[in-house]
Amino acid sequence: MSNVHELAARSLKPSLLELTGISRVSVEAHYRLYQGYVAKRNEIVARLADVDHGSANQVYSDLRALKVDLSFAIGGIKNHEVYFEHLGGSGGDPTGSFRALVERDFGSVDAWRTDLRATGLAARGWAWTVYDWDERRLLNLIGDAQNTFPVWNATPLVALDVYEHAYFIDYQTDRGSYIDAFFENLDWDVVNGWVAAYAIPV
Ligand SMILES: [Fe+2]
């Protein structure tokens, strides 16, 4: 009997095809990459069901290779599910409970946005605004790949994809303009829904 649990890719919200400053062609190609992360995650999990535990080795082994790349595939799924879910809105300044958290922990909306934008420019893959349950505050964190460098016990509330696949079609190397467009498409109702669903204290 198999204990392999297959994941299915979430469908793409129609509003993602009508973003401001991020083209349909770009989003459709990006969504196909996300589907690829789901497929590879399922492939790796299936392979792990039959892996040889006796040959586990830190230099090279099937177990090591599969588990390292599983973290990349899972990261690719989780990062993109946040990214796609909270786009499709009208952007602008944060509202509601997320705004209250931002103002408390960063001092102002502008300070938060300036730091996240710069974090995105300094990253090779991702910039996140997370709620850290240990520090009990928001942090802007940096990631260079799908599986670097999330911290434990923190919940992503904003996920800014700065891999070149996210913007090269629309902006070539002008990542800053893409980041500005990203902010103009955030759906604050979605983010505030996560703050409520996770019961983050405001
Ligand atoms: Fe991406």
Listed residues Ala49, Ala166, Ala118, most fluctuating in the chain (Gaussian network, C-alpha, under 10 Å) = Ala49
Mind checking the per residue accessible area of the range 1-83 for me, 1.4 Å probe, whole number of Å²?
-> 63 Å²
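For the range 121-186, what is the accessible area per residue in Å² when the probe is 1.4 Å?
Working: 2910 Å² over 66 residues.
That works out to 44 Å² for each residue.
What is the range 59-202 by shape, rounded, prolate or oblate, if you read a ≥ b ≥ c off the alpha carbon gyration tensor as root eigenvalues and call it rounded for a/c under 1.5, prolate for a/b larger than b/c, and oblate otherwise? Please list the in-between numbers first.
Values: a/c = 1.92, a/b = 1.29, b/c = 1.49.
The shape class here is oblate.
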Out of Leu19, Leu48, Leu160, a Gaussian network model of the chain with alpha-carbon springs under 10 Å gives the largest mean-square fluctuation to Leu48
In vacuo Debye sum over C-alpha of the range 23-99, base-10 log of normalised intensity I(q)/I(0) at q = 0.19, 0.26 Å⁻¹, listed in q order, is -0.84, -1.15
Let me know the shape class of the range 147-186, please: from the alpha-carbon gyration tensor, a ≥ b ≥ c as square roots of the eigenvalues, rounded when a/c is under 1.5, otherwise prolate if a/b is greater than b/c, or oblate.
-> oblate
Candidate lysines - alpha carbon under 20 Å from Lys13, same-chain residues fewer than 8 apart omitted = Lys78
Could you check how much of the accessible area of the chain is carbon and sulfur, as a whole percent, using a 1.4 Å probe?
-> 53 percent
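Please identify every one of the chymotrypsin sites (Phe, Trp or Tyr not before Pro) in the range 86-147 that sits in a loop by DSSP and has no more than 16 other beta carbons within 10 Å of its own beta carbon.
Working: sites: Phe98, Phe106, Trp112, Trp126, Trp128, Tyr131, Trp133; in loops: Trp133.
Passing sites in the range 86-147 are Trp133.
The values are calculated or read from the model by the stated rules, or taken from the named source; none is laboratory data. All of these numbers come straight from a predicted model, not from anything done at the bench. Here the Cβ is made from the backbone with ideal geometry for all residues, glycine too, and neighbour counts use every protein chain on show. We work out accessible area using only protein heavy atoms, side chains counted, and drop any ligands, DNA or RNA first. Shrake-Rupley method; radii C 1.70, N 1.55, O 1.52, S 1.80 Å.
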